[in-house]
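Peer 1: Just dropping this structure here.
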Amino acid sequence: MEFFWYGLLGALFCVYLMLDGTAIGAGMLLPFGGPGERARRATVTAFGPFFLGNEVWLVITVATFLAVLPRLEGPVFRGHYHLVAAVLVFWTVRDAAVWFRSRLERPGWRRGWDRVLTGASGAFAAALGLLVGDMLSMTPGPEPVPTSFGWYSLLWALTVTVVLLVHGATFLVVRLPGDLVAGPLRMVRLLAPPAAASYAVLLGAGLLARVPSLGTPAVAAEATAMVAVALSARIVAARPRLALAFTALAAAAPAVVVCLHLAPVAGSSLAAGSALDGLAGFLVVVIPLVLVVQVWIWRVFLRRIDSRTPVFF
């Protein structure tokens, strides 16, 4: 039962990074999709149908974490208060930019919100990476001790940001019209090697510094992410959907490594059995329902934009 709850939590976190990582990366790439309002409008339209559905997974992940592992709330949330607050602020600002950029037709208004969307998406990705690095730097034990971010957290911030850029660019290759694909395609080929190299540096530096989170499963997860993101650049032009699956694996790797790091203390952090029983009854309805809706949305909308594509934002 302990493994079930912890595995479920890890899976939810992975799904969030895989799905919303496309919108985060696309937001950072807004100025690089092509010249003019048409290209920027197409970029927002590309992730529009998925945007709110993606964020549902973050809400479910956080709510499940608080309910299943209440004793880790202090080390993770209060112990990293400033980073958690930064993640929430950048998330909110990014969402506001998506909602507001098309409310008025004035070019200056749209350019201003485009800059906000690009900056907030990048800051959101970097803050997520810093939070991942800080959580991996926590001293393991019955009561994990938080630490302030250092070089290892900064490496994770760089890695998460670059990997989400590649993930978002690959998503845009799948979604944008053929005449607008050149920019994202170029970004995948340009950024995939540095993204793979950043995972390699993380892996090597972590092993040399004997970072406690780097057991064999975590090493395998980071190595898999490194290979997956490198392969994406080689196949993105011919098989963009398969490349998107590879970049999704790379985007999910931070969640896998964090869950592996916190696994030793999961058993002592679980909520009472009665609380878990009540939560199980709720999630057994909610998660399959959300999953079915998400599969339907991605199946219907994961195709190239054309004149019939609905505009959501």
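Where a number appears in this text, it was derived from the coordinates with a stated rule and is not lab data. Model, not experiment: these values are computed from the prediction. Positions of Cβ are backbone-derived with ideal geometry, glycine not excepted, and every protein chain shown enters the neighbour counts.
Peer 1: Of V76, L262, V132, which is farthest along the charge dipole of the chain in the positive direction, counting Lys and Arg as +1 and Asp and Glu as -1 at C-beta?
Peer 2: Farthest along the dipole direction, towards plus: V132.
Peer 1: Now a separate question. Might you report the magnitude of the Cβ-based charge dipole of the stretch 2-301 about its Cα centre, with Lys and Arg at +1 and Asp and Glu at -1, to the nearest 20 debye?
Peer 2: Numbers: 20 positive and 13 negative charges, 237 e Å.
The calculation lands at about 1140 debye.
Peer 1: Could I ask something else about it? Can you list residues whose amide H is under 5 Å from A237's amide H, if they're 5+ apart or on another chain and H is modeled 1.01 Å from N?
Peer 2: Sorted by chain and number, the residues that satisfy this come to none at all.
Peer 1: Also, quick follow-up: Viscosity 0.890 mPa s, temperature 25 °C: Stokes-Einstein D of the stretch 158-313 from its Kirkwood Cα radius, in µm² per second? Intermediate values should be presented prior to the final figure.
Peer 2: Numbers: Rh = 17.9 Å.
The diffusion coefficient I find is 137 µm²/s.
Peer 1: Calculated from DSSP H runs of 4 or more alone, at -39500 (n - 2.57) each and per residue, what is the 222 nm mean residue ellipticity of the chain, nearest 500? Walk me through the numbers before you get to the answer.
Peer 2: On the way: 11 runs with 235 residues, N = 313.
It lands at -26000 deg cm²/dmol.
Peer 1: Relative to the Cα centre, what is the charge dipole magnitude of the stretch 218-313, using +1 at the beta carbon of each Lys and Arg, -1 at the beta carbon of each Asp and Glu, and rounding to the nearest 20 debye? Walk me through the numbers before you get to the answer.
Peer 2: On the way: 7 positive and 3 negative charges, 126 e Å.
With only Lys, Arg, Asp and Glu charged at Cβ, the dipole is about 600 debye.
Peer 1: Would you work out which of A196, V116, F90 lies farthest towards the positive end of the dipole of the chain, given +1 charges on the beta-carbon of Lys and Arg and -1 on that of Asp and Glu, about the Cα centre?
Peer 2: Among A196, V116, F90, the one farthest towards the positive end of the dipole of the chain is V116.
Peer 1: Between L207 and R304, how many nm apart are label points set 7 Å from Cα along the C-beta direction?
Peer 2: Taking the simple label geometry, L207 and R304 are separated by 4.3 nm.
Peer 1: Calculate the dipole size of the stretch 40-172 relative to its Cα centre from +1 charges on Lys and Arg beta carbons and -1 charges on Asp and Glu beta carbons; express the result in debye to the nearest 20. Intermediate results must be reported in sequence, preceding the final value.
Peer 2: On the way: 11 positive and 7 negative charges, 139 e Å.
Using only the charged Cβ atoms, the result is roughly 660 debye.
Peer 1: Going by average Cβ density within 10 Å per residue, which order do the peptides 74-85, 294-305 take, highest to lowest? The partial results should precede the final answer.
Peer 2: Numbers: 74-85: 16.1, 294-305: 13.9.
Per-residue mean Cβ counts within 10 Å order the peptides as 74-85, 294-305.
Peer 1: Next question. Please work out whether the stretch 2-301 counts as rounded, prolate or oblate from its C-alpha gyration tensor, where a ≥ b ≥ c are the square roots of the eigenvalues and a/c under 1.5 means rounded, while otherwise a/b larger than b/c means prolate and anything else oblate? The partial results should precede the final answer.
Peer 2: Values: a/c = 1.71, a/b = 1.42, b/c = 1.20.
Prolate.
Peer 1: Please list the radius of gyration and Dmax for the stretch 1-103, considering alpha-carbon atoms only, with Å as the unit.
Peer 2: 16.4, 54
Peer 1: Find which of A225, A205, G168 sits farthest along the positive direction of the dipole of the stretch 2-301, computed with +1 on the beta-carbon of Lys and Arg, -1 on that of Asp and Glu, about the Cα centre.
Peer 2: G168
Peer 1: Take peptides 258-270, 13-25, 219-231 and line them up by average Cβ neighbours within 10 Å, highest first, as a rough protection proxy. Display every interim value, and only then the final one.
Peer 2: On the way: 258-270: 18.5, 13-25: 25.2, 219-231: 20.4.
Highest-to-lowest ranking by the protection proxy: 13-25, 219-231, 258-270.
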